[in-house]
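Reviewing the structure listed below.
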Amino acid sequence: MSKKIFSGVQPTGNLHLGNYLGAIKNFVELQNKKENQCIFCVVDLHAITVKQDPRELKKNIRETAATFIACGIDPAQSIIFNQSMVSAHSEAAWILSCVSRIGWLNRMTQFKEKAGKDKEKASIGLYSYPVLMAADILLYDASHVPVGDDQKQHLELCRDIAQKFNNDFTAPDFLKVPEPLIQKQFSRIMSLKDGIKKMSKSDPSDLSRINLTDNKEKILNKVKKAKTDTLPLPKEAKDLANRPEAENLLRIYSSLKNQNLENSINEFNEKNFSTFKEKLSEALTETIEPISKEIKKLLNDEKYLDTILLEGSVKADKIASKKIKEIKELVGF
Ligand code: AMP
Ligand code: TRP
C-alpha cells in the first residue's frame with residue numbers, strides 16, 4: 001500500500017551518524033519504494049526556538065538540503081523544501097495551539113531536557129514546538145512519519161491534537177492521524193564518548209559524534225578514541241547488559257552492514273576491540289565518505305540548492321495552502 005511520508009530535520013548544523021541511521025537512511029528507503037509519496041522538510045522555524053546566528057542559519061539550511069540529497073533523496077521524486085517558505089505551517093501551528101492543552105505540553109520530556117534548569121528563560125517557541133511539528137505533519141495528510149526514538153512522544157501528541165481537532169469541529173477523519181515509523185534497533189544512536197548519552201548535534205565534544213561531513217581521517221580518529229570497556233566483544237546478546245558502549249558500537253556496525261545485532265555479535269565473537277574497531281572504521285568510511293564528499297560538492301553550488309528548495313516549496317505550498325483553507329473554513333474564519 002502506498003504511504004504518504006513526511007519528516008523534518010532541523011538546520012542546526014553538525015548533522016551526524018545518529019541523524020543518518022535513525023532517520024535519513026530510512027527516508028531514502030521509503031522514497032525508493034516507488035508507490036510512496038515523500039516530503040522532507042528542513043524545519044527552519046523549529047531551529048529558531050533556540051537562538052541562531054542568522055548567517056549560520058542560512059548556511060545550515062543549505063547544508064541540510066545538501067545532506068538530504070547527498071544521502072540519496074532525489075528532488076525529482078520527493079519534495080524537499082524549507083518550512084519558512086510555506087506560510088501555512090505558522091498559520092496551522094497557531095490554530096492547533098488553541099486546540100492543544102497546556103497539560104499535554106507539560107508532559108513533553110524534550111522540552112524539560114532542552115530548557116534545562118531555568119525554564120523561565122526558555123523561549124515560548126521551544127515550549128510550543130511540538131504543536132508546530134503537528135502542523136507540519138497534519139497539513140500534508142501524512143500517513144507515516146519516520147523519526148528517531150526521541151520524537152516518539154511528539155508524534156503521540158500530534159495524534160492527540162489531530163483527534164481533538166476532528167472532535168471539536170465535528171469533522172471525523174478530517175485531520176489524518178499519522179503512524180510513527182521508528183527503526184527498532186537503530187532509533188537511538190549514542191555518543192561515542194558515553195554510551196548512555198544520545199549522540200547529539202549540540203554535544204560540545206566533536207569526538208562524541210561522526211558528522212556526515214567528516215573525512216576518512218576524522219572518522220578513523222574518532223573510532224580510535226571511542227570509549228569501550230576492558231572486556232572482549234560479547235558472545236551473546238545477553239552479555240551486552242551494562243555494556244552500553246559495546247552495544248552502541250555493535251548497533252552502529254549492524255546498521256551500516258544492514259544486518260541484525262545477533263549477526264554482528266557472531267561475527268566478532270569474543271574478539272578484541274582493536275579488531276572490531278578496524279572493521280567498524282571501514283564500514284563507516286564506506287558509508288560516510290561518499291556522503292561527505294557529495295555534501296561538499298553540493299555546497300559549492302548554492303544556486304542549485306536554492307532552486308531545489310524553491311521548487312520544493314512551490315509544490316509543498318500547493319498541498320498545504322489547500323489544507324489550511326479547509327482548516328480555516330472549519331474553524332469559522
Ligand atoms: P534533529 O536533528 O533533532 O532535527 O533530528 C532529525 C532526526 O534525526 C529526527 O528524526 C531524530 O529523531 C533523529 N535523531 C537525532 N539524533 C538521533 C540519534 N542520536 N539516534 C537516532 N536518531 C536520531
Ligand atoms: N522535531 C523534529 C526533531 O527535532 C523535527 C521535525 C519537525 C519533524 N517537524 C517534523 C519530524 C515533522 C517529523 C515530522 O528532530
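Each reported figure results from applying straightforward, stated rules to the coordinates on display, with no laboratory input. In this text, all values refer to a predicted model and were calculated from it rather than measured experimentally. Cβ atoms come from the backbone with ideal geometry, glycine included; neighbour counts cover every protein chain shown.
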Per-residue Cβ neighbour rank within 10 angstrom, fewest leading, TRP94, TRP104
TRP94, TRP104
Report, for the chain, the % of DSSP beta bridges that are antiparallel, rounded to 5.
10
Could you give the length gained on full extension between LYS224 and LYS197, defined as 0.36 nm per residue of separation minus the Cα-Cα distance, in nm?
7.8 nm
According to the square roots a ≥ b ≥ c of the eigenvalues of the Cα gyration tensor, what is the shape class of region 246-328, taking rounded for a/c under 1.5, prolate for a/b larger than b/c otherwise, and oblate for the remainder?
oblate
Can you put SER90, SER100 in order, fewest other beta carbons within 10 Å first?
SER90, SER100
Residue separation times 0.36 nm, minus the C-alpha to C-alpha distance between TRP104 and VAL50: what's the value?
17.3 nm
Using a Förster distance of 30 angstrom, determine the FRET efficiency expected from the C-beta separation of ASP206 and GLU282, and round it to 0.05.
0.90
Listed by chain and number, the residues whose amide H is under 5 Å from that of LYS198, excluding neighbours fewer than 5 places away on the same chain and using placed H, are SER191
Positive end of the charge dipole of region 206-297 (Lys, Arg +1 and Asp, Glu -1 on Cβ, about the Cα centre): tell me which of ASN272, PRO234, ILE288 has its Cα farthest that way.
ILE288
Quick one: pull the percentage of alpha-carbon pairs in the chain with a separation above 31 Å.
35
